[in-house]
Structures are given as structure tokens and as C-alpha cells.
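Here the structure is laid out as C-alpha cells; the discussion comes afterwards.
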Amino acid sequence: MNRIVTFALSTLLFLNASACRRNRFPLRRYFMGHGHVTRTANVHRKALTEVAVPAGALAQESPNEQGDLSTPEMDWYPWIKYSPSGRPKAQSALKQRFPEPQGYQRIAVNPETLGEWLRNLPIAAPGTVVNDVNGKAAIVTLAGFVAAVVAIDMHAEESADALLRLHAEWRFSKGDRESISYASNSGRVMPFSRWIGGERIVLKKQDWDWAVKVAPLSNPTYMDLRNFLDAAYQWTDPRALAIQGRVLDATDVAPGDYFVHAGKDPTLVIVLDVAKNSAGEPAMLLGHVASPHQSLYVMRASKESAWFVPRASQEIAAPGLKPFVWKEHHRLPKAMIGKPF
């Protein structure tokens, strides 16, 4: 009976994610910098829109008053300070919530790298659920696929967008604006520096282009970053990241890597942390966003653990998704992340 229930929930999750990809952005409003356009998508591309911020969401750059975990590490995460109050409180860091499996030790990462930053991600309290667009517990929660919820606000991100969001937030936290640049589905580059220069991504004959719309930004804010990301999301997907990233095997795994299905139903999971045993075999914590308007969550590998411990010859059986294989393991280019270790 449990197998039947799990299969039914997995099927519903798959259908729900597919439906969201076909119509990614329901009619809604949030800030994009200028103008009002309806934001829609189809199976071939994502179309551009610019709409206004909902009341209270990124409306001003003031610290939130949620009572988040107060540690020096929490200052590394811009959304803790600037995101709307609707997100869950940060109660602990990822590495505190999930000790290594027996016989494994976390790999060494250099200070201030993406790996260290992901390892300390703020995590919501145990029992926090992934909500759907209607505010109800999402299928991934009902199916028992969720080990923890990341204490970050997500409003329109899909699986691949979550990786871009985390990368951009990390770079922004370091004061780096030049390395925030992403490839579109067509291979063209979307750098934050052009957005800072006053250009905006505009719809042009079923494609996009840059156009000067505002004066250059002398002091780019966190809102400017989020506006840029909202525009960039519409022109990239897991397939673009499959092309952009380097393919690696099971001997070289680091936080910030990702596994991507780039076929008919593209999706992506993010490697949030890595431990290894004495034989050099990896254990991984994986993050995922099931569909737009849902939380970024740490996937549960089994009832007992969030750690995935596949061998080099094995598939990665991510719950609710088609299993991943090691040839789908990628890493962002060195220019974007530097040295991961």
C-alpha cells in the first residue's frame, strides 16, 4: 500500500511540475524596474514581462524582524536582511542540521568559497513544510520527500533558477557584481553589469535583446539584483545550464555542483554539501525546487537520512524525479565560482 501511495504522489508531483513549466508564471505582480507587462511562457521559450512588486515584498531595503538565528555566518546571506517577512525563520545552518553519515567526513572547502557558503545555508525549523502557490502543503511534503526547508524566499524560481539565485546571492554577498552573468537558452550572455549600466532585457520578435531603458545605477542595490534575476530566469532553463557547465564524474564532487535532466522534461538538483568515506566515495545533500512559487528544500534520500550515498556505477534516485546518472553531473565554469575547494 505504501508503494502505491508513493507512486501516486510521485505521479502527481511530475504532472504538477510539468504544468508549471508549460505556464510558468500565472498572472501576478512584482517589481521589475519599469513598465507593466504580462509574464507568460510556453513549451518553447519564456516570454518577458515587467510587473510591480506586491505590497511588502522587497519594497524597501530594511532588515526583517523575524527573529532569525543570530550568528556572524547569517550576515553572509543577503535575503536574511532584505527579503520579505513571509519566508520561514532561519533556525540553524545546514551543516548543523545534517551531521555526516557514519564513516564519512565533510570534504575540506576554502573560506569564502561557494562550497563554504552553501554548507552554512540557513535552514528553517524542523517540520517546516513546502507550500504550494495556494499556501497549502505541497506534494513533496505530503510524500515525505522533504528533509528540511531552506530559509529563503522563493517566488518564481524553478529548479535551474534556484541555482542561479544562490550563485548570484553568494557573489552579491562578497561585493562581486562582474561574475553575476548567465547564459540564455540561445547561448547569449546576460551579465548583471549591463543591467547596472541601465540596459534591460526586452522582448524582440519571439526572442530577447538588450535596450537602454534607465540611467546607469551608481550604487546597485539588492532589489536591483533581484530584478535582474527575475528577467534572466525567463530566458534560461536546465538545458542552458547543462550546456554551460562542465561534466564531472563521481571522483570530483563539490558543493555547488548540480545534476541536470536536459531532455523532454528538464529539471535540476543542486549539490548543497559533500562528505566522503575512506575510499573517497561521496555522500551528498541535494536541494530542489519542485515548481515555481514553492520552497527550496533539502531532499530526503531515505526515511532515515537526507544524505545520498550512490556509488560511481549507480543512479541517484532523487525522490519524485527520474533518477539522475553521473554523466548528468555538472559544475559551473571556473570563472563563475573560482576554486570549489
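Every number in this text was worked out from the coordinates using simple rules, so none of it is lab data. Just so it is clear, the model here is predicted, and its values are computed rather than measured. Quick reminder, even Gly has a Cβ in these numbers, built from the backbone with ideal geometry, and neighbours come from all protein chains shown.
This model, with +1 at the C-beta of Lys and Arg and -1 at the C-beta of Asp and Glu, gives region 147-293 a dipole about its Cα centre of some 500 debye. Every pair of different Cα atoms in region 143-190 enters the Kirkwood calculation, which places the hydrodynamic radius at 12.7 Å. Dipole of region 133-248 computed with +1 at Lys/Arg Cβ and -1 at Asp/Glu Cβ about the Cα centre; of Ala232, Ser184, Ala148, farthest Cα towards the positive end is Ser184.
Residue ranges 226-234, 329-337 sort as 226-234, 329-337 when ordered by packing (mean number of other C-beta atoms within 10 Å per residue, highest first).
Any of Lys95/Lys174; Lys89/Lys327; Lys81/Lys213 with alpha carbons more than 26 Å apart? Name them for me. Beyond 26 Å: Lys89/Lys327; Lys81/Lys213. Stretching Thr251 away from Asn134 to a fully extended chain increases their span by 37.9 nm, per 0.36 nm per residue minus the current alpha-carbon distance. Dipole size of region 104-224 about its Cα centre, with +1 on Lys/Arg Cβ and -1 on Asp/Glu Cβ: approximately 160 debye, rounded to the nearest 20. Translational diffusion coefficient of region 91-203 (Stokes-Einstein, Kirkwood radius from Cα pairs, 37 °C, 0.692 mPa s): 195 µm²/s.
Computed over region 292-341, the quotient of the alpha carbon radius of gyration and 2.2 N^0.38 Å is 1.42. Add +1 for every Lys or Arg and -1 for every Asp or Glu among the other residues with Cβ under 15 Å from the Cβ of Glu178, and state the total. Taking every Cβ under 15 Å from that of Glu178, the sum is +3.
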